[in-house]
Each structure stands twice: as structure tokens, then as C-alpha cells.
Amino acid sequence: MEWRTLATELVEKVKGYGSPADGWKVVKEAKDVTVWSKPSDEWMGTVYKAVGEINADVETVFQFIDPSGSPDCLRNKWDKSIESRTIIEHIEKNLKLMHTVTRSGLGGLISSRDFVDLLVIVRNEEFLGTAVRSVSHQNCNVTSDAVRGVNYPSAIMCWRINSDPTRTRLVSVIQTDIGGMLPQSVVDQALPASQVQFFQSLKEALKEAGHLSDS
């Protein structure tokens, strides 16, 4: 399939996850963030959605979550779940192919994973964000260094709050087949926990940089 067509379909898919809808149940709550889940219509697994509001404007938050400038982007400085990110092909300005290697998690219970994704940068009147889904690429074959995972349509979206442009409604959507032989109970624990940690680490990075207001 042509990359632009795939990207358009991906953006429409993840945008729908950002809107309220039936079928979601709360699976984890923490300060300023709630994680919901429901069965995925993309694969035989689960889609998780974390939502919270951040006291920083959309443009600033997006600068901190956008990985498209890898390896020198701001996100790589604070997102400790990632071992490395490499842009392996620049298709066009807002469309790239990216290889990501994660660090091990849950005290080593989950070993390092790697992903080859189509990365779409989204800018519109409603939100700024990134959307990904896994693809194949001839320069990124499976190796013994990491377990190859699969990202089904996933995204991080910085939604504008019209009543308060100094704040951001952040929505993180993941539906990932992390591969390997892990019990489902471990996966169900790890993915929501990773989303909560993402929010907490992002807010810490924004605060350290002087971008997080107290309001």
C-alpha cells in the first residue's frame, strides 16, 4: 500500500480513539491520568487509552513528545523506556519510517523489544500528535538482540482545550503485540503502567524545563 494512503487511514483511526465512546473500562488510575481499555478491533488483543490534562500549551507539550527528530529530539532525553530511536527513511516532511528499541521492563521480566513503524506527524485545528503502526522494512530484519513487537494503530495526541489555550488534554493510545511468551496478566499490568509512567516522566521533564505552570 502507498505510504500516504496508509498514513491517512492511520490518522483517521487514532483520531476516533481520542473521542469519548462506549466500551471503555477504567483499568488504572493515578494522579492526573486515567487509563481505559477495551477489546481491539485491529487484532485479538486490547487497546489502552490514557487521558490527562497538563498545565502547558499544546505546542510546548508536542515538542516534548515528538520523536521525529531522533536521535536529537527532546523526547529522547527524558523517555527512559526507550533504548534508541532511528529514523530509517524520510518519506516526506511529516511521514517517516522509524526503528525503536525499548529497554527491558518490570525488573527484567519483559526483555527488550524492537519495532519498525510508519510515523505520521499530525497538525490540525483539533490536536497535534504522532501516530504509528508497524510495517516491514528491508533494512530492519529481526535480530536476536530484541523481540520484535507489532504496533497496531497507536498515537499520542495533544488536544487543544478551547476554554484554556495554556493547557493540553493529552491522550495516549497503545495497542501493541509485544511478542514473546509472556502471560497475558503480565501484559495487562505492564502496558497501563507504562502509560502512567509516560505521563509522569513527561510532566517532570516539562517542570524541569520551566514549562509546567502551577494553575
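The values are calculated or read from the model by the stated rules, or taken from the named source; none is laboratory data. Please read these numbers as outputs of a predicted model, since none were measured by experiment. So basically every Cβ, Gly included, is an ideal-geometry build from the backbone, and we count neighbours across all protein chains shown. Keep in mind that these areas ignore ligands, DNA and RNA; they rest on the heavy atoms of the full protein, side chains included. Shrake-Rupley method; radii C 1.70, N 1.55, O 1.52, S 1.80 Å.
General remarks:
- The relative contact order of the chain comes to 23 percent, based on Cα pairs under 8 Å that sit 6 or more residues apart.
- Given K28/K77; K80/K203; K28/K96, the pairs whose alpha carbons are separated by over 24 Å: K28/K77; K28/K96
- Sorted largest first by accessible area at a 1.4 angstrom probe radius, with every protein chain in place, the residues W36, W159 fall in the order W36, W159.
- Solvent-accessible area of the chain (1.4 angstrom probe, protein heavy atoms only): carbon and sulfur portion equals 49 percent.
- Largest first, the extents of the alpha carbon coordinates of segment 58-215 on the three principal axes equal 48, 36, 24 Å.
- Compactness of segment 1-142, expressed as Rg and Dmax over alpha-carbon positions, Å: 15.9, 42
- Accessible surface of L212 - all protein chains present, 1.4 Å probe, nearest 10 Å²: 40
- Average accessible surface for the chain: 51 Å² per residue, computed with a 1.4 Å probe over protein heavy atoms with every protein chain in place.
- Using a cutoff of 8 angstrom between alpha carbon atoms and counting only pairs six or more residues apart, the relative contact order for segment 25-82 works out to 19 percent.
- For S81, distant residues with modelled amide H under 5 Å away: none
- Selected from N124, H99, G16, residue furthest toward positive end of dipole (segment 1-147; charges at beta carbon): H99
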